[in-house]
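Please treat every number below as a calculation from the coordinates, not as lab data. Keep in mind that this is a model prediction, so the values were computed, not measured. Methodologically, a virtual Cβ is constructed for each residue, glycine included, from the backbone with ideal geometry; neighbour enumeration extends over all protein chains shown.
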Amino acid sequence: MSAATDAVIPHVLKAYEAELLDEWLREQASAFRPGSKISEHELRGQAREFLSLLQEATRNGNIADIRGPSYGRIRDMLGDVSRSRGLQGFSPSETATFVFSLKRPLFSYIQRELGADVDSLATVTWSATELLDKLGLYTTEVHQKSREEVITRQQQELLELSTPVVKLWDGILALPMIGTLDSARTQIVMESLLQRIVETGADIAIIDITGVPTVDTLTAQHLLKTVTAARLMGADCIISGIRPQIAQTIVHLGVDLGAVITKATLADAFRRALEMTGQRERVLKPRA
Amino acid sequence: MDRIPILKLRDLLLVTIQVDMHDRLALQLQDELTTRISETAARGVLIDISSLDIVDSFIGRMIANIAAMARVLDAETVVVGMQPAVAITLVELGLHLPGVRTALNVDKGMALLESSTRAVEDLPDADARHPD
């Protein structure tokens, strides 16, 4: 592409800046639903900034290469815009429309500028399309990445939320498990339980699986591993909260929970734990 | 060269592993401990592994073996103070140490040993049962 046609885009952006901005905003207003999540004022600010940065970038650098250094600032700006829209709940296409809706006004002004020169018009329009497509795709990419970050963070938070180890009594810990037990979670559960056993010097840990929806062979194996590891450290484990269906499943699967003390409810397990630590009389004695 | 000290405490033997356990050391400990048990006629053995951070399958098996040998020589064995990471590793290696008694720390291990050896002491003496 020649230097002459390269210069057309920055020239158009500069010469018709105000008109482009107005028409672009009108385009966006028609593209978005009424009662949009973003204010007119904010949108105008973003659009103005985008236009001036685009002008600067196209003037300085290669038009086709949006990964280049001259596009650094406009990439940052688009990144911020799509990230904030992602958090506001915009869909990816709504986010990308921010860039794509510039096409119609930009093309019409390029046409006005070049007039009858059909060859240049085709070339410039093509490079402008390419540029805006790339920028639009970039916003989609960032949008998706920011949503993925949100999901990852929520997963992390869920993981931390769902594995609290609580102290029930002197020397008795309880671990109410909630949700499906996969390998990654079991590892964290096991580590936090064993760590707490060391910290508190607890003799008994009650693992309550009332909140575990299903137990398959893998889950049962994970449970047994946790119980064995606790035993190796010198603490006894009681598994409680086994629902009738789960008891049936465990037996049908042929899982051997033989060596493990199991109780139907957390209350039963707690009573048993008090007996085992010799505290039952002290705790359950009515107050004088 | 490193040596793992074996302390005699009344009728118990106390082994505290304070250094990195390597294979030769484990074999040496196995030798010395069995010798000391038969020499002193110890009723119980307490193995403290609270400063042991790393185990492999060999050391895991050695711990189980030493405990089993002590039991054969009629000494109750309690392994105390296993670190969480060590416990997880042993479980993942499939070493469940069946038959090895465990406790959280030396204090609790002592209590466990005392209660089990006292049960034996409470029995009337052989002489008392057969006065003639």
> What FRET efficiency would be calculated for the residue pair B:PHE58, A:GLN221, taking the C-beta separation as r and a Förster radius of 22 Å, to the nearest 0.05?
Replying inline: 0.35
> If the chain between A:VAL251 and A:TRP126 were fully stretched, how many nm would it gain, using 0.36 nm times the residue separation less the Cα-Cα distance?
Replying inline: 38.2 nm
> Among the aspartates and glutamates, which have Cα under 12 Å from the Cα of A:LYS134 when same-chain residues fewer than 8 positions away are ignored?
Replying inline: A:ASP65
> Given the C-alpha centroids of the range A:39-88 and the range B:18-94, what is the distance between them in whole angstrom?
Replying inline: 66 Å
> According to the Kirkwood expression over distinct Cα-Cα pairs, how big is the hydrodynamic radius of chain A, in Å?
Replying inline: 24.2 Å
> Which residues' amide hydrogens lie under 5 Å from the amide hydrogen of A:ALA205, considering only partners 5 or more residues apart or on another chain, with H built in the peptide plane?
Replying inline: A:LEU173, A:ASP236, A:CYS237, A:ILE238
>> Test of understanding: extend the Cα→C-beta vector of A:ARG153 to 7 Å, then name every residue of the range A:80-103 with backbone N under 16 Å from that spot.
In response: A:80-90
> If you plug each phi of the range B:84-98 into the Karplus form 6.51 cos²θ - 1.76 cosθ + 1.60 with θ = phi - 60°, what whole-Hz ³J(HN,Hα) values come out, in order, with x for Gly and Pro?
Replying inline: x, 4, 5, 4, 4, 4, 4, 5, 5, 6, x, 8, 8, 6, x
>> Please list, in order along the range B:53-63, the HN-Hα scalar couplings obtained from phi with the Karplus expression 6.51 cos²θ - 1.76 cosθ + 1.60 (θ = phi - 60°), rounded to whole Hz, x for Gly and Pro.
In response: 9, 10, 10, 10, 5, 5, 4, x, 5, 4, 4
> What range in chain B is the longest one free of trypsin sites (Lys or Arg not before Pro) that are in a loop by DSSP and have at most 16 other Cβ atoms within 10 angstrom?
Replying inline: B:11-132
>> For a quick check: sort B:THR77, A:THR125, A:THR228, B:THR35 by the number of other beta carbons within 10 angstrom, fewest at the front.
In response: B:THR35, A:THR125, A:THR228, B:THR77
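Among DSSP beta bridges lying fully in chain A, give the percent that are antiparallel, nearest 5. Let's see the in-between values first.
Values: 3 of 16 bridges.
Here the share of antiparallel DSSP bridges comes out near 20 percent.
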> If you put +1 on each Lys and Arg Cβ and -1 on each Asp and Glu Cβ, how big is the dipole of the range B:6-129 around its Cα centre, in Debye rounded to 20?
Replying inline: 100 debye
> For A:THR180 and A:SER108, what does the FRET efficiency come to when R0 = 45 Å and r is the distance between their Cβ atoms, rounded to the nearest 0.05?
Replying inline: 0.20
>> Is there a quick way to get the dipole size of the range A:90-209? I mean about its Cα centre, with the Cβ of Lys and Arg at +1 and of Asp and Glu at -1; what is the value in debye to the nearest 20?
In response: 300 debye
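Can you give the helix-only mean residue ellipticity at 222 nm for chain A, where every DSSP H stretch with n ≥ 4 adds -39500 (n - 2.57) and the sum goes over all residues, rounded to the nearest 500 deg cm²/dmol?
Using -39500 (n - 2.57) per qualifying helix, the result is -21500 deg cm²/dmol.
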> Hey, with R₀ at 25 Å, roughly what FRET efficiency would B:ASP11 and B:SER51 work out to, going by the Cβ-Cβ distance, to 0.05?
Replying inline: 0.50
>> Can you give me the angle between helix A:118-161 and the longest principal axis of chain A, using Cα atoms only, in degrees from 0 to 90, rounded to the nearest 10?
In response: 10 degrees
> Which distance in nm do the two modelled labels at A:ARG44 and B:SER116 give, with both placed 7 Å along the Cα-to-Cβ direction?
Replying inline: 8.4 nm
> Which aspartates and glutamates does B:LYS108 reach when only Cα atoms under 16 Å apart count, and residues fewer than 8 places away in its own chain are ignored?
Replying inline: A:ASP170, A:GLU199, A:ASP203, A:ASP236, B:ASP48, B:GLU76
> What residue among B:ILE88, B:SER115, B:GLN30 has its Cα farthest toward the positive end of the dipole of chain B, where the charges are +1 on Lys, Arg and -1 on Asp, Glu, each on the Cβ?
Replying inline: B:ILE88
> To the nearest 10 degrees, how steeply does helix A:266-276 sit against the main Cα axis of chain A, on a 0 to 90 scale?
Replying inline: 50 degrees
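If you put +1 on each Lys and Arg Cβ and -1 on each Asp and Glu Cβ, how big is the dipole of the protein assembly as shown around its Cα centre, in Debye rounded to 20?
Computed charge dipole of the protein assembly as shown: roughly 940 debye.
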> Can you give the net charge of the other residues whose Cβ lies under 11 Å from the Cβ of A:THR200, counting K and R as +1 and D and E as -1?
Replying inline: -1
>> Taking θ = phi - 60°, what integer Hz values does the Karplus form 6.51 cos²θ - 1.76 cosθ + 1.60 yield along the range A:178-192, in sequence order, with x for Gly and Pro?
In response: 10, x, 5, 9, 10, 4, 4, 5, 4, 4, 5, 4, 4, 4, 5
> Dipole of the range A:166-284 (Lys/Arg Cβ +1, Asp/Glu Cβ -1, origin at the Cα centre): which of A:GLY171, A:THR226, A:LEU253 lies farthest to the positive side?
Replying inline: A:GLY171
